[in-house]
Amino acid sequence: MAKCEKFLMAGFSGAGKTSFLRELEFMAPDLSWEFADLDQLILKSRGKGLKELAQVIERDGWDKFRLYERQELEGWLKEEGKGVLALGGGTLSPLLYDLYKTSRKVGIVYLHAPFEDCWERLHLEKAEPRPLVKRGKSELHRIYEERQQVFSQIPWRIENPKGADLTGLAKAFWERVS
Ligand SMILES: Nc1ncnc2c1ncn2[C@@H]1O[C@H](COP(=O)(O)OP(=O)(O)O)[C@@H](O)[C@H]1O
Ligand SMILES: O=C(O)C1=C[C@@H](OP(=O)(O)O)[C@@H](O)[C@H](O)C1
Ligand SMILES: [Mg+2]
């Protein structure tokens, strides 16, 4: 298999994808790699004058937001060069699974944390607001289980439960891909 040049980081909201990306950015001396967060790409392109992604979702609705995710993801994948893209927790199948099957140059990694840990993290003072949280704990748990059906098909899985050393996890990932 050709060596992957682009990696997508999938996982439920609160699993730690954005933080993992920041760790990589911090430790990677190689400027030929690009590290990006899909939510931030959307905020930049669709949220002129807005501060948070939540405001884009509130303004345009979920269907439009899912369309933006797809468009930004496809755009990012078309760009030349090496990179890691942290997805949003709902950037899902069939897109992800199709990508995995059809593109040998795209690696997908699943960052996993138990539901209770994700839920707890989404309520941290410093955490950015996620509109999904307004749906309540039991509905979010249902969505978590539903998405596991897609996430569980991704063979490369990194565990990031409560207490995990995120810096160490990012270091191991970086050594494997760079
Ligand atoms: N291993 C960890 N230890 C401590 N806090 C963590 C860990 N992983 C994630 N967090 C915290 O959880 C919150 C949500 O993480 P984030 O990276 O935004 O997740 P995601 O992008 O997957 O939704 C952040 O405040 C982050 O600092
Ligand atoms: O799970 C979801 O549907 C979402 C997760 C968020 O990203 P994180 O996974 O980084 O929280 C963001 O894309 C949006 O609020 C929708
Ligand atoms: Mg994120």
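The values are calculated or read from the model by the stated rules, or taken from the named source; none is laboratory data. Everything quoted here is computed from the prediction, not taken from an experiment. Using ideal geometry, Cβ is built from the backbone for each residue, glycine included, and neighbour counts are taken over all protein chains shown. Side chains included, ligands, DNA and RNA excluded: accessible areas come from the protein's heavy atoms. Shrake-Rupley method; radii C 1.70, N 1.55, O 1.52, S 1.80 Å.
Tabulated results
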quantity	calculated
Flag for Trp33 being farther than 24 Å from Cys118 by Cα, open to solvent by less than 40 Å² (accessible area, probe 1.4 Å) and in contact with a Lys or Arg (Cβ under 6 Å, 6 or more places away or on another chain)	yes
Residue check, Glu23 open to solvent by 50 Å² or more (accessible area, probe 1.4 Å) and either near ligand 3 (Cβ under 10 Å from one of its atoms) or under 27 Å from Gln148 (Cα atoms) (or both)	no
Selection count where residues are within 20 Å of Pro131 (Cβ to Cβ) and touching a residue at least 24 places away in the same chain (Cβ under 8 Å), scope the range 59-80	6
Pick from the range 1-35, criterion over 19 Å from Trp156 (Cβ atoms) and of a type in the set (Gly, Ala, Ser), ranking: farthest from the chain's Cα centre (by Cα)	Ser32
So Glu125, is it without any contact (Cβ under 8 Å) to a residue 12 or more places away in the chain and either closer than 21 Å to Leu21 by Cα or hydroxyl-bearing (Ser, Thr, Tyr) (or both)	yes
Filter result for Ser178 (at pLDDT below 90 and over 22 Å from Ile42 (Cβ atoms))	yes
Output for the range 1-47, where each listed residue is modelled with pLDDT of 95 or more, more than 10 Å from ligand 2 (Cβ to nearest atom) and part of a loop (DSSP other than H, G, I, E, B)	Gly47
Residue within the range 60-77 that is more than 19 Å from Gly107 (Cβ to Cβ), within 13 Å of ligand 1 (Cβ to nearest atom) and touching a Leu at 6+ places or on another chain (Cβ under 9 Å) present	no
Hits in the range 26-59 (condition: away from ligand 3 (no atom under 16 Å from the Cβ) and closer than 18 Å to Tyr110 by Cβ)	none
Matching residues, the range 124-151, being under 15 Å from the mean Cα position of the chain (by Cα) and farther than 21 Å from Arg59 by Cα	Tyr144, Arg147, Gln148, Val150, Phe151
Hits in the range 48-58 - residues which are open to solvent by 80 Å² or more (accessible area, probe 1.4 Å) and within 13 Å of ligand 2 (Cβ to nearest atom)	Glu58
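Table: residues versus (1) buried (at least 18 other Cβ atoms within 10 Å of the Cβ); (2) at pLDDT 95 or above; (3) not hydrophobic (A, V, I, L, M, F, W, C).
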| residue | (1), (2), (3) |
| --- | --- |
| Leu77 | no, no, no |
| Glu80 | no, no, yes |
| Gly89 | yes, yes, yes |
| Arg104 | no, no, yes |
